[in-house]
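Here's the structure, in structure tokens; my notes come after.
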Amino acid sequence: MTLGIGVIGTGMIGRDHARRIEKTLTGGRIVAVNDVVPGAAADAIKELGLGATDHISPEDLIAAPEVDAVLVTSSAPTHEALVLQAIAAGKPVFCEKPLATSVAGAQRIVGAELAAGRRLVQVGFMRRFDSGYRALKRVVESELGAPLMVHAAHRNVAAGPGFSNEMAIYETAIHEIDVLRWLLNEEYVSAQIILPCMTSNAKKGDMDPQIVLLETASGVRIDIEVFANCVYGYDIQCEVVGELGLARLPEPEAVPMRKAGQFSRPILQDWKERFIRAYDIELQYFIDTVRRGEAGGPSSWDGYVASVVADACVEAQKQPGKVVDIAIRQRPALYS
Ligand code: ISE
């Protein structure tokens, strides 16, 4: 059976996901759309040529009988309530990151799944599906000996609209927070923020760039440069240093050119392009697992852990240099 999918939120990533479900992936179809902005859902239906119903409210969409699964791609503060509604309706839900904008919110989602006795949520931590990170993980687990340090960078050309210091953590560094604990297979115990000189390209009051320092339970030290206005490109770097050597995240494919006395390679500008294949694979994975009656991928537990760590980082921003402890609860058996 083709999975009937309802999309809540038809902004940039919502439209992108709807397009890939309709045009690139198999086994799913967009049957319902909702957006808080009047006219936006109708506009998306027209733009993408969707045979979908425009629902007045997300509640309506979630309850619609033709909706087998829900895609939450609305703004971050709305995620928690919508995911809880989908769980209450017993419908599988793919939620873009962050799962919730508070630890208490993420805990409520974990609690709802535990009460339901089954996993229904997949969180959009797409980097776990990226071939580069997967290859790096294989090398880290088999070649490097014990990991000792990780140097990472997350650079955006320019900060998006409404950018805030909190967003630098909850919407940007959250990817590293998730993918690095997956890469190293362990949890964090502390966070710290270090501020270098601020770029004049950031708006007044923004901490940009900032260095997020994380420490894992075994003592691996991680530094993540979060640079929202780096100007030159969308650049994701990751280097793992182990006892026997080091390994780096492969650069995205690009054609090297020699011309006019220069050797050059283009650098991507748009973050949606950098992990385009990973987005395809994570959503195909969601469709396939739901159609088999299963659930998998990054869970609401992973979303909860990411919120705990993000909260610690935001707390650390208040007093740069201060080390903030991270305490993660015991992982319930549902997520083992
Ligand atoms: C955006 O939401 C993303 O997910 C991108 O990966 C990140 O680089 C960007 O900063 C976020 O706003």
Tell me which residues, restricted to segment 222-261, are among the basic types (K, R) and more than 22 Å from the chain's Cα centre (by Cα). R258, K259
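Residue-wise test of (1) within 16 Å of the ligand (Cβ to nearest atom); (2) assigned by TED's automatic domain parsing to the domain that holds K203; (3) outside any helix (DSSP H, G or I).
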site	(1), (2), (3)
P98	yes, no, yes
R118	no, no, yes
G145	no, yes, yes
H151	no, yes, yes
F163	yes, yes, yes
E166	yes, yes, no
Y170	yes, yes, no
Examine segment 4-14 for a residue that is of a type outside the set (G, A, S) and farther than 23 Å from P161 by Cα, and state whether such a residue exists. yes
Only one of H17, H79 is under 22 Å from G162 (Cα atoms) and under 20 Å from the mean Cα position of the chain (by Cα); which? H79
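Pick from V103, V36, V72: which is open to solvent by 60 Å² or more (accessible area, probe 1.4 Å) and of a type outside the set (D, E, K, R)? Lay out the reasoning, then the answer.
Details: V103 fails: open to solvent by 60 Å² or more (accessible area, probe 1.4 Å); V72 fails: open to solvent by 60 Å² or more (accessible area, probe 1.4 Å).
From the options V103, V36, V72, the qualifying one is V36.
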Within segment 14-46, count every residue that is under 16 Å from Q284 (Cβ atoms) and in contact (Cβ under 8 Å) with a residue 60 or more places away in the chain. 9
Taking segment 286-317 and keeping only residues that are among the basic types (K, R) and either at pLDDT below 95 or within 19 Å of E215 (Cβ to Cβ) (or both), one is left with none
For segment 190-232, what are the residues that are within 15 Å of the ligand (Cβ to nearest atom) and open to solvent by less than 10 Å² (accessible area, probe 1.4 Å)? D208, Q210, V212, I224, V226, A228
Among the strands (runs of 3 or more DSSP E) contained in segment 233-297, which hold 1 or more residues that are open to solvent by less than 20 Å² (accessible area, probe 1.4 Å) and within 16 Å of the ligand (Cβ to nearest atom)? 235-242
The listed residue being assigned by TED's automatic domain parsing to the domain that holds R291, under 16 Å from S300 (Cβ atoms) and at pLDDT 95 or above, out of A52, A18, A88: A88
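Restricting attention to segment 301-320, and to residues there that are part of a helix (DSSP H, G or I) and among the polar types (S, T, N, Q), which single residue is farthest from E96 (Cα to Cα)? Give the derivation first.
Going residue by residue through segment 301-320, those that are part of a helix (DSSP H, G or I) are 301-318.
With among the polar types (S, T, N, Q) added as a condition, the list becomes 307, 317.
On the way: S307: 13, Q317: 24 Å.
Per the stated criteria, the residue is Q317.
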Restricting attention to segment 163-185, report how many residues are under 9 Å from the mean Cα position of the chain (by Cα) and open to solvent by 10 Å² or more (accessible area, probe 1.4 Å). 3
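The values are calculated or read from the model by the stated rules, or taken from the named source; none is laboratory data. None of these values were measured; they are calculated from a predicted model. Cβ sites come from the backbone with ideal geometry, for glycine too, and all protein chains shown count toward neighbours. Please note that ligands, DNA and RNA were not included when accessible areas were found on the heavy atoms of the full protein model with its side chains. Shrake-Rupley method; radii C 1.70, N 1.55, O 1.52, S 1.80 Å.
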